[in-house]
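One structure is given below, encoded as structure tokens.
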Amino acid sequence: MPELVQGVVARAKGAPVTVETIVIPDPGPGEVKVRIAACGVCHTDLHYREGAINDEFPYLLGHEAAGYVDEIGEGVTGLEVGDYVILNWRAVCGECRACQRGRPWYCFNTHNATQKMTLEDGTELSPALGIGAFADKTLVAAGQCTKVDPEATAQVAGLLGCGVMAGLGAAINTGGVTRGDTVAVIGCGGVGDAAIAGALLAGARTIIAVDIDDRKLELAREFGATNTVNSSKVDPVKAIQDLTDGFGADVVIDAVGRPETYETAFYARDLAGTVVLVGVPDPDARLDLPLIDYFGRGGALKSSWYGDCLPSRDFPMLIDLYLQGRLPLDRFVSEEIALGDVESAFDKMHHGHVLRSVVVL
Ligand SMILES: NC(=O)c1ccc[n+]([C@@H]2O[C@H](COP(=O)([O-])OP(=O)(O)OC[C@H]3O[C@@H](n4cnc5c(N)ncnc54)[C@H](O)[C@@H]3O)[C@@H](O)[C@H]2O)c1
Ligand SMILES: [Zn+2]
Ligand SMILES: [Zn+2]
């Protein structure tokens, strides 16, 4: 029997989100119904509600979640009712050209549930990143569930489902930060601070946090930043160069995604250094750089989709590091809120009051 639950819906571009009754079909072949225990509020949810991702309203928001397998569809193996899982938006297909070439972290055909969740009047919902977890329950593809140690609470574990994984992976996987590197991270929200934590784990010797908000820079220190730069007060390129013997950083991570932050990243890295863009730009953002500078500085300009993670490889490992006290995942949780508080959480995010508001169900 289809089940009725409460979920947070964005009905139209820019309109405040509302809690609505949504209909979850019984899981079909390869699908799983998950009871959500907690779901973090990511900036990407706000991008959806602002119409900056695409125009497939209404959205069922939320995608940074952990919970329990509630019901499994036909042919699902490796999962049982009651399993504790983190949801992911990279259920690799194993068959696309990226997977075939042994690069599944780029998978171009990731799996989602094939059936649609709907509003009570039958209107189909677009689940954010194929998840839709600001809801009591949601429907996903089996591959979107990764089992982890239940010792880690859902508030903490769910964060690996998006932003924190994206940031950690931007440093460790995409940026390839290694022992002795100098690293700068622009934008110290949940994603940027995770990149800082990742750089620390990987053995960076200098980690420079850049933000326009002093409160964020204070928090960045707790995650491992050795230096902080307020780019609304000083020239961030010069500041980063000054902190790296005049050369620039080996790896610069842009966790904002605006033309000016990207330009800072581009010029604040050392020769042959790496820029990683993990912040999601607005569709109308443009970049104008002298091509000779691109050539002359060498190195690599990379984008990081979901931190180039492989959920089955990375989630259980990172939860183990957390449980050993080597990854302070709980520091990302600024507040616990209810489903009805998502709109005000967007507001707090906008005003820089929080790293992560986490909906607890
Ligand atoms: N690539 C991916 O797979 C992926 C995954 C998750 C999130 N994201 C994106 O990462 C970005 C960051 O997400 P978040 O949840 O950390 O957001 P957030 O809003 O919590 O943090 C953004 C931070 O950037 C700072 N900032 C804003 N403008 C700045 C500027 N001009 N210079 C320096 N700092 C500036 C803000 O003060 C804030 O601290 C978003 O664009 C989000 O959509 C990407
Ligand atoms: Zn694939
Ligand atoms: Zn996200």
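Just one of the listed residues (VAL280, VAL275, VAL333) is buried (at least 23 other Cβ atoms within 10 Å of the Cβ) and either under 17 Å from GLU64 (Cβ atoms) or touching a residue at least 24 places away in the same chain (Cβ under 8 Å) (or both), namely VAL275.
Quick check on GLU50: is it farther than 27 Å from ALA285 by Cβ and surrounded by fewer than 17 Cβ atoms within 10 Å (Cβ to Cβ)? So GLU50 does not fit the description; no.
Only residues that are in a helix (DSSP H, G or I) and either away from ligand 1 (no atom under 12 Å from the Cβ) or modelled with pLDDT under 95 (or both) were counted across the range 241-266, and they come to 3. Here are some conditions: (1) on the phi < 0 side of the Ramachandran plot; (2) of a type in the set (Gly, Ala, Ser); (3) assigned to a loop (DSSP other than H, G, I, E, B). ALA98 meets all but one. Which one does it not meet? Unmet for ALA98, out of (1) on the phi < 0 side of the Ramachandran plot; (2) of a type in the set (Gly, Ala, Ser); (3) assigned to a loop (DSSP other than H, G, I, E, B): (3).
Filter the range 187-224 for residues that are among the hydrophobic types (A, V, I, L, M, F, W, C) and touching a Phe, Trp or Tyr at 6+ places or on another chain (Cβ under 6 Å); which is farthest from ALA249 (Cα to Cα)? Before the answer, list the steps.
First pass over the range 187-224, keeping only residues among the hydrophobic types (A, V, I, L, M, F, W, C): 188, 191, 194-197, 199-202, 204, 207-210, 212, 217, 219-220, 223.
Applying the additional criterion that residues be touching a Phe, Trp or Tyr at 6+ places or on another chain (Cβ under 6 Å) yields 196-197.
Values: ILE196: 14, ALA197: 17 Å.
Only one residue tops the list, namely ALA197.
Checking the structure you have, find out if any residue of the range 92-106 is of a type in the set (A, V, I, L, M), out of contact with any Cys (no Cβ under 7 Å at 6 or more places or on another chain) and within 16 Å of ligand 1 (Cβ to nearest atom). Break it down stepwise before answering.
As a first pass, look at the range 92-106 and keep what is of a type in the set (A, V, I, L, M): 92, 98.
Subset that is out of contact with any Cys (no Cβ under 7 Å at 6 or more places or on another chain): none.
Within the range 92-106, none of the residues are of a type in the set (A, V, I, L, M), out of contact with any Cys (no Cβ under 7 Å at 6 or more places or on another chain) and within 16 Å of ligand 1 (Cβ to nearest atom).
Summed over the range 78-97, residues that are loosely packed, with under 12 Cβ neighbours inside 10 Å and away from ligand 2 (no atom under 16 Å from the Cβ) total 3.
Determine, yes or no, whether ALA154 is over 17 Å from LEU277 (Cα atoms) and touching a Gly at 6+ places or on another chain (Cβ under 8 Å). So ALA154 fits the description; yes. One residue stands out in the range 52-81 among those that are under 14 Å from VAL32 (Cα atoms) and among the hydroxyl-bearing types (Ser, Thr, Tyr): the one that is nearest to ligand 1 (Cβ to nearest atom), namely TYR68. Scanning the range 142-164 for residues that are buried (at least 24 other Cβ atoms within 10 Å of the Cβ) and within 16 Å of ligand 2 (Cβ to nearest atom) turns up just one, GLN144.
The values are calculated or read from the model by the stated rules, or taken from the named source; none is laboratory data. For clarity, every value in this text was computed on a predicted model and none was experimentally measured. In this analysis, Cβ positions are derived from the backbone assuming ideal geometry, glycine residues included, and neighbour counts consider all displayed protein chains.
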